[in-house]
Amino acid sequence: MTSNLVSPTPATTPAAVAERPARSAGSRLLPVAGGALIAGSLLYVAGMATSPPQASMANADYIAALARDEGRTALSAMLLHYGNLALALAWLAAPALVRGRRGSATTITGALLSAIGLVSVTGLVLFDYWTGAIGRELDPATALALFEDVSGSAAVGVAGTLTLFGLLGPLVVIAGLARAGVTSWWLFAPAVAALGLSASMPFNPLPFAAFALVGAVPAVVIGLRMIQRHRAETATA
């Protein structure tokens, strides 16, 4: 006698059904990370735009700039702190975009470098509150001596060196994703242009905010790709 029951297809077997929640739970991180890449980039641009202008790159002028406007210093430091923090965490999700081994190791390496470097930046940015305070509460000579004593310590030097990973890491991620075919190699252009322009002139809030906006293009593109990947996986689940 012919059975009226239909044999389960591979997609509806108990094993396949059991696997779905695990895949869905992992994929939910992608839109969160993608949104964090975009939001973190915009917060960073805003933080640069609101940074107090300084007369020169000398330490004394830096202290005076942060001490001059407590509210602006606090706003800029907060935007930069949380912008870098969002970027640091979001870059860790970049390897999830890679399917297969090609470009995987490079992307993972870049993600780790980005996270370490940008988290180090978030810590150093909090020094702006302290620097502004000593500039307001102490005479200029004492404030300068104290600032140079702290900034010249070995521990701060290590943290400052690690921040360089925050510049290098995203470039390595871009290389890994491009090698994996996830994104195009042209994303190097705005990233390198922003770094080159920033290194070519003394700090000035609005121009540097513009450079940061150019440099944010790769992060925004990769963030959108994370969101698109999540939508595609959800549609085919």
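The values are calculated or read from the model by the stated rules, or taken from the named source; none is laboratory data. Treat the numbers as computed from the prediction; the structure is a model and nothing was measured. Counting neighbours? That spans all protein chains shown, and the Cβs are built from the backbone with ideal geometry, glycine included. The area values use the complete protein model at the heavy-atom level, side chains included, leaving out ligands, DNA and RNA. Shrake-Rupley method; radii C 1.70, N 1.55, O 1.52, S 1.80 Å.
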Cβ pairs under 6 Å, 6+ apart or interchain, first in segment 220-237 and closer than 18 Å to LEU177 by Cα and open to solvent by 50 Å² or more (accessible area, probe 1.4 Å), second part of a helix (DSSP H, G or I) and of a type in the set (Gly, Ala, Ser), ordered by first then second residue, are none
**Message:** Against the condition surrounded by fewer than 22 Cβ atoms within 10 Å (Cβ to Cβ) and under 24 Å from ALA65 (Cα atoms), how does LEU124 come out, does it pass?
**Reply:** yes
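Residue check: is PRO202 in contact (Cβ under 8 Å) with a residue 24 or more places away in the chain and buried (at least 18 other Cβ atoms within 10 Å of the Cβ)? Explain how you work it out, then say what you get.
Details: in contact (Cβ under 8 Å) with a residue 24 or more places away in the chain: yes; buried (at least 18 other Cβ atoms within 10 Å of the Cβ): no.
So PRO202 does not fit the description; no.
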If we keep only residues of segment 137-155 that are loosely packed, with under 14 Cβ neighbours inside 10 Å and not hydrophobic (A, V, I, L, M, F, W, C), then the residue nearest to ALA64 (Cα to Cα) is PRO140
Pairs returned, first residue in segment 165-190 that is basic (Lys, Arg), second residue that is assigned to a loop (DSSP other than H, G, I, E, B), beta-carbon separation under 7 angstrom, 6 or more apart or interchain, are ARG179/ARG102; ARG179/GLY103
Picking from ALA36, ALA111, ALA11, ALA88, the residue that is at pLDDT 95 or above, open to solvent by 20 Å² or more (accessible area, probe 1.4 Å) and not basic (Lys, Arg) would be ALA36
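Can we say THR106 is among the hydroxyl-bearing types (Ser, Thr, Tyr), in contact with a Lys or Arg (Cβ under 7 Å, 6 or more places away or on another chain) and assigned to a helix (DSSP H, G or I)? Quick ask: steps written out before the conclusion?
Numbers: among the hydroxyl-bearing types (Ser, Thr, Tyr): yes; in contact with a Lys or Arg (Cβ under 7 Å, 6 or more places away or on another chain): yes; assigned to a helix (DSSP H, G or I): yes.
So THR106 passes the test.
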Scanning segment 109-133 for residues that are over 15 Å from the mean Cα position of the chain (by Cα) and among the hydroxyl-bearing types (Ser, Thr, Tyr) gives TYR129, THR131
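Just to be sure before I move on: is GLY100 at pLDDT below 95 and small (Gly, Ala, Ser) in the structure I sent?
On the way: at pLDDT below 95: yes; small (Gly, Ala, Ser): yes.
The answer is yes for GLY100.
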Restricting segment 91-103 to residues that are open to solvent by less than 30 Å² (accessible area, probe 1.4 Å) and in a helix (DSSP H, G or I), the one farthest from ALA219 (Cα to Cα) turns out to be LEU97
Reported set for segment 14-33 where residues are open to solvent by less than 30 Å² (accessible area, probe 1.4 Å) and at pLDDT 50 or above is SER27, LEU30, ALA33
* **GLY215 vs. criteria more than 30 Å from MET57 (Cα to Cα), within 17 Å of the chain's Cα centre (by Cα) and not aliphatic (A, V, I, L, M)** => no
Taking segment 65-80 and keeping only residues that are surrounded by 21 or more Cβ atoms within 10 Å (Cβ to Cβ) and either out of contact with any Phe, Trp or Tyr (no Cβ under 7 Å at 6 or more places or on another chain) or closer than 15 Å to ILE134 by Cβ (or both), one is left with ALA65, LEU66, THR73, SER76, ALA77, LEU79
